[in-house]
Each structure stands twice: as structure tokens, then as C-alpha cells.
Amino acid sequence: MRRREPSRMAVVWRLALATSLMVMSYGMTAPLLAVLLQQHGHGTTVIGAFAMLPFLMVMLLIPLVPRLLARWGVLRVYRWGSALQVVAALGYAFGSDIWAWSAAAVVGGIGVAGLWNGTEALLASEAPPDQRGRVMGLYQTGMGAAFAIGPFMPGLLGLAAQPLLVLAALLVTVCCAMAFSIPDHHLDKPAPGQAGTWHALCALPGLAAMAFIGGVFEAGLSSVSAAYASSSGLGLSAAASVAGAIGTGSFLCQYPAGVAADRVRPTRVFTTAAALLLGASLLFSIADRQPWVFWVAGTIWGGVGGALYTLTMVQVAHAFDGRATAGGAAAMITGYTAGGMAGPLVSGALLQWNGAPGLSFGLALLATAALVAARRPMTWAPA
């Protein structure tokens, strides 16, 4: 009897699983490298610049990805992206200084651009219209779980830095093998009507701004906050777990955010999210005196920041409704990536300037801007 081949949606979920596992690898690697750099004598500004590199590459390349997806197909782009991720992971594992790790970060960022846009465009286009929030929320929950588990691996496994980096490289290699194991004829049909990223940004600028803020809070604070916690006296495992708190918050909030996107008006959801970010940012001002604030604020940053991105992707799926989905997804990724890129650099400088109160001030300003934008008439929301 002939074996039944998996459906298109089943293959999409397989790629989503591979992407999540790669994120778990990065979630373990990024704070670990940040702590190692801090132990090598680098300040938070330098560490923030290093953490910015993958996001910089994604932001530079993501406008090109919809065209590559339309020309080559999702599977081919995904395979090349996963192969570059393997190269980057090996560079992290066997490099020994900031220059080798920076080169690996650049290679990894190039690979991420293809993986990220392809996976999320597929989910947005393949999900049933009345369940887009739940589907995207479920996927982002897996991503949040990956981010949450990764930073806790040093404490859970009790391994030194080098074995952990090698383990991360092995995990990425397994994910790459998963991508190459999918038959060539699956997902080889380009998504219809691929418009450019710039067109989508012009159509939904407010959503892209919310994605930017989500990127700052979820992706832009993990490495720097872990490094700052280490400089405040916490050990390797405890400092890395601060980034784990950000991932834990993301894991807990993604699915509820997706459900809310299916049921509640966007204005109300975005306003609530911005208010929570403002409260957590103000709370962080006392982190130097109350170390428990690292984990509480981090959980809210990750949860609400990640939820903002999920909400914007759901709104994009409704706005385009099958038309140029990859371009719309690329626009939100561009905004999120810009936030993830600016977050480490600016937050590192604020911490070096005035410690926790300095970072609290900067993040509170950003959260206030989000609150004002969310409460304005949402003329930028999709119809």
C-alpha cells in the first residue's frame, strides 16, 4: 500500500517545529555568549552591538525575501537558511573571541531572514480565516517555549560554555536535516501576488511600529539584561535565566494573545499591552536594589512584547487575506527586527550610562509612545 504523503499544512507545521528548535538553540546561545563577553571584559554597549548583528542582517535582507520566495519557492529558501544556521552555530561553538562570534552572527542573520519570513508567511496564508489568531498564537507559543527553555539550559544541564555551544550546534544540524528530508515537490508553489515589503509598510505603518516596539521588548533586551545581571553579581546560570524569564513570558502570552485577536477589537488589545509595558518599565528602575525585579520585568517584557508581534501578524493576515502575504509578513518582520536590533544597542548604552534607572527611563518613554499610538483612532488597522 502506498504511503500517504503529508498535507501541505502538515509540512508547514514541520517547518514551524524546525524553526522553533532553532530558536531554542539561539535562546541558549545568545545569553551565554553575552555572559562570556562580559567575563572577557566587554561592556554592555559592546555586548549590545554584538547582539544587534543578527537583527541587522535580517533587517537588511528581509525586503528581498518575498522575491526570493516567489522565485525559488519556500522550501529551497528555507533549506539554504537552515544550512547557514548550521555554519553560524559551528562558529559560535568553535570560535573563541568576539570577532569569530561576530562573523558567525552575520552568517546566522542571513539564514534567519529566509527561515523567518517563509515560515510565518506560510502560516498566515494557510490558516483558516476565522482561526488565524489561534494558529499564529499556537506557533508563537512554541517559539516562546523555545526562547524560555534555551536560557535555562546552562542551569538545567550543568555544563560548561563550550559543551553547551556544541550541543546547540548539534540541535541546529538536526533541524537542517528535517528541512532537507521534506520531498522537493512540497511547498514548491510560490505564494500568490507577492508585493514588496515597502508597499506593505506604507499600507500598515502603525502595525509595523507596534512590531518594532514588540521587537525591542521581546528580542532586544535578552542578552543585555543577562549581561547586566551578571555584572550585578549573579552567576552564569542565574544571569542567563533572566533571558529565560523573557522567553517564559513570551511562551505564556502568545496563545491568549492570538485568541484575543480573534475576539477583541485591536485598539483595546494594543492599549492593554502598552500599559503593561509601561508598568514593567517603571518597575525596573529598582532592579539594582531588588534583584527579583529582573525576572518579573523580564517576564512582562517577553510576554507583552511577543504578544504585540503576534497581534500584528494576525492583522496582516486579515488585511491581505491571501494577497501578498509574504510581503505583509516581511513588513512586520522588518519592524520587529528593527526593534530587536535597536534594543540591545540602546539598552546597553542606557545601562552603561545610569544602570537600571537609565534603562527604565528609556523603556518607559517607548511604552508611553505605544500607549499614545494605541489609543489614537486606528486608521492604520486593516479593514
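Any residue in segment 144-154 that is aliphatic (A, V, I, L, M), closer than 25 Å to GLY41 by Cα and open to solvent by less than 40 Å² (accessible area, probe 1.4 Å)? So that I can check it myself, show each step before the final result.
Of the residues in segment 144-154, the ones aliphatic (A, V, I, L, M) are 145-146, 148-149, 153.
Remaining after also requiring closer than 25 Å to GLY41 by Cα: 153.
Next, only the ones that are open to solvent by less than 40 Å² (accessible area, probe 1.4 Å) stay: 153.
Yes, the conditions are met somewhere in segment 144-154.
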So for segment 87-95 (the condition being within 30 Å of ALA200 (Cα to Cα), among the small types (Gly, Ala, Ser) and open to solvent by 10 Å² or more (accessible area, probe 1.4 Å)), does at least one residue qualify? no
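With respect to VAL12, is the statement that it is crowded, with 19+ Cβ neighbours inside 10 Å, closer than 26 Å to GLY247 by Cα and modelled with pLDDT under 80 true? If you could, list the steps in order and put the result at the bottom.
Values: crowded, with 19+ Cβ neighbours inside 10 Å: yes; closer than 26 Å to GLY247 by Cα: yes; modelled with pLDDT under 80: yes.
When the stated conditions are applied, VAL12 passes them.
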Checking ARG268 against (1) touching a residue at least 24 places away in the same chain (Cβ under 8 Å); (2) surrounded by fewer than 24 Cβ atoms within 10 Å (Cβ to Cβ), only one condition comes out false. Which one? (1)
ALA280 vs (1) touching a helix residue (DSSP H, G or I) at 6+ places or on another chain (Cβ under 7 Å); (2) outside any helix (DSSP H, G or I): all pass except (2)
Which of the numbered conditions does LEU165 fail, given that it passes all the others? Conditions: (1) within 27 Å of GLN254 (Cα to Cα); (2) of a type outside the set (Ser, Thr, Tyr); (3) at pLDDT 75 or above. (1)
Qualifying residue in segment 318-336 (condition: modelled with pLDDT of 80 or more, within 30 Å of SER231 (Cβ to Cβ) and part of a helix (DSSP H, G or I)): yes
Restricting the search to segment 337-371, which residues are over 26 Å from TRP116 (Cα atoms), buried (at least 24 other Cβ atoms within 10 Å of the Cβ) and at pLDDT below 90? LEU351
Since VAL172 meets every condition but one in (1) among the β-branched types (Val, Ile, Thr); (2) in contact (Cβ under 8 Å) with a residue 60 or more places away in the chain; (3) open to solvent by 10 Å² or more (accessible area, probe 1.4 Å); (4) over 15 Å from TRP13 (Cβ atoms), which condition does it not meet? (3)
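Is it fair to say ALA349 is over 30 Å from ALA203 (Cα atoms) and part of a helix (DSSP H, G or I)?
On the way: over 30 Å from ALA203 (Cα atoms): yes; part of a helix (DSSP H, G or I): yes.
In short, yes.
The values are calculated or read from the model by the stated rules, or taken from the named source; none is laboratory data. What you see is a predicted model; the values in this text were computed from it and never measured. A quick note on method: Cβ atoms are made from the backbone with ideal geometry, for glycine too, and the neighbour counts reach across all protein chains shown. Side chains included, ligands, DNA and RNA excluded: accessible areas come from the protein's heavy atoms. Shrake-Rupley method; radii C 1.70, N 1.55, O 1.52, S 1.80 Å.
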